[in-house]
Amino acid sequence: MKPSPDNPNFLGLRTAIYHVPDLDKGKVWYSKVLGIEPYFDQPFYVGFNVGGYELGLDPDPSSKLPGSGGVVVYWGVSDADAGLKRLISLGATERTNVQDVGEAIRIATVLDPFDNVFGVIENPHFKLPGE
């Protein structure tokens, strides 16, 4: 189904934005976590292309205070246990340990060094279009 003014279908997740008070530290930490450098790097915003989705870092304190403001973005991983362990080894703090939420879907969350909730999800049922 194609979007139109009468039927504006959602096309899927595009961008998750985390607020970080120190953009340089945020850029370094997320570069280590993701294993890539940002594709967009400006003093007002840093953007990473993660498998076709964007993780944005925003240092603007007026847009929202840093930290866990109720939004959890889950990033796909092939092994939730290994993903959680790696995040903790890079300085994150465990928030929830790996949980099986049914049908072989496993999730966990951490707090990044800037107090944002960062989730990982192992979901064998999720496929991108064309996969």
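The values are calculated or read from the model by the stated rules, or taken from the named source; none is laboratory data. This is a predicted model, so every value here is computed, not measured. Just the protein is used for accessible areas: all its heavy atoms, side chains included, with ligands, DNA and RNA removed. Shrake-Rupley method; radii C 1.70, N 1.55, O 1.52, S 1.80 Å.
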Stretched out fully, how many nm does the piece from residue 100 to residue 88 gain, at 0.36 nm a residue minus the Cα gap? 2.4 nm
Taking all protein chains in place and a 1.4 Å probe, what share, in percent, of the accessible surface of the stretch 78-119 do carbon and sulfur account for? 48 percent
